[in-house]
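Encoded as structure tokens, the structure appears first; notes follow it.
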Amino acid sequence: MNVKLIALFTCGILPFMCVGQTNDFTAMYRQADQFRKEGKTEDAYHLYQQIYPKMPETDTLLDYVIWYYLNSTTELEQNNRKNEKFEASLKYGLEALALIQKHKESFNQKFADREAWMIKNIAVSYSGLGMLKEAKEYRDELYKRYKADKLPEGIDGYFNFDFFKLNGKNIWGYEWYPELPENRFRSSFTKIVYYVYSTDSSGSDKDQLYRFHVLMFHQDSNEAPFDYILEKQQDTADATICGSYYYFTYKKDIDYRKLKADIKKIVVEGIEPDSRRIVGRRE
């Protein structure tokens, strides 16, 4: 077959192949879109996952596939994380993060902002798996962005780093970025709060029952044997009831494994604080 014939053959056959491929992608996309609209997220996810790596960059459907592929992956990540299926949520979280990082320059800022939120979600999954070294790597990335003022609104002051269910309750751990102030007498300072919620029939949050603050200990840092003390706070209609646990204390570099074990122990055993004070609410 001479060169001219090869050229003619190539020019003749490739357009048909491309049209065939496009039709295949379109059909799969439409099916995935139908699954999405019907709430069949996992079915939609598998189709988007198949289509995405095979689509030409010039295909006009590519941006839609990326967007819905990310949305379905994110939804599966969230559903598994909230049900403590952390191996699955970690898998989906890492997949979603890779997708965001690859395409964040091609979409708007809203798309790029999802990167920080997914980093946070991955930290929660690692924490749920007890892989605290790996969780710290992702928390450290959030701190790095905080110091560079590169975090989106909603995660720029504090972030969720832990979640677990216990005795019919949902327990959420949140961490604030600022570090211990040098002057410990000037103001109160909380580094971590674990919020304890009752749940509805679906297992979702219902009412906040109380919360645990990892609160700065007001004593000279050179003399204190610890830096933080655990405090329980519970809101009533007109006041906040507070109480400290003198047995549960922590150094500046908080032992997250011990803290989580302490929270579980208090909740399961119903341990009450060693002190009690009532703070009236301001009008």
### Task
State the extension gain, in nm to one decimal, for the chain segment bounded by Lys252 and Asp235, taking 0.36 nm per residue of separation less the distance between their alpha-carbons.
3.4 nm
### Query
Okay, helix-only estimate at 222 nm for the chain: each DSSP H run of n ≥ 4 adds -39500 (n - 2.57), divide by all residues, round to 500 deg cm²/dmol; what do you get?
-16500 deg cm²/dmol
### Query
Can you tell which of Leu99, Leu180, Leu76 shows the greatest fluctuation in a Gaussian network model of the chain with Cα springs below 10 Å?
Leu180
## Note on the structure
Contour minus Cα-Cα span, Leu166 to Lys265, at 0.36 nm per residue, comes to 34.6 nm
### Task
Taking chymotrypsin sites (Phe, Trp or Tyr not before Pro) as candidate sites, keep only those in a DSSP loop with at most 15 other Cβ atoms within 10 Å, then name the longest stretch of the chain containing none of them.
1-106
### Message
Could you tell me what a quarter of the Cα convex hull surface of the range 61-148 works out to, in nm² with one decimal place?
### Response
5.6
### Task
Over every pair of different alpha-carbon atoms in the range 200-261, take the mean of 1/r and invert it; report that Kirkwood radius in Å.
13.6
### Message
For the chain, set up a GNM with springs between Cα atoms under 10 Å and report which of Gly130, Gly39, Gly243 has the largest fluctuation.
### Response
Gly39
### Kirkwood-based shape ratio for the range 137-283, expressed as Rg/Rh from alpha carbons
0.97
### Task
Quick one: of Lys102/Lys150; Lys191/Lys232; Lys85/Lys252; Lys91/Lys260; Lys133/Lys252, which pairs are farther than 21 Å apart, Cα to Cα?
Lys85/Lys252; Lys91/Lys260
### Task
Name the residue, out of Thr249, Thr240, Thr41, whose mean-square fluctuation peaks in a Gaussian network model built on the chain with Cα pairs under 10 Å.
Thr240
### Two-decimal Rg/Rh across the chain, once Rg and the Kirkwood Rh are taken from alpha-carbon atoms
1.14
### Solvent-accessible area per residue for the range 89-244 (1.4 angstrom probe, square angstrom)
49
### Query
Over the range 22-124, what percent of the accessible surface lies on carbon and sulfur atoms, probe 1.4 Å?
46
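The values are calculated or read from the model by the stated rules, or taken from the named source; none is laboratory data. Computed from a predicted model, the values in this text were never measured in an experiment. Positions of Cβ are backbone-derived with ideal geometry, glycine not excepted, and every protein chain shown enters the neighbour counts. With ligands, DNA and RNA removed, areas are computed over all heavy atoms of the protein, side chains included. Shrake-Rupley method; radii C 1.70, N 1.55, O 1.52, S 1.80 Å.
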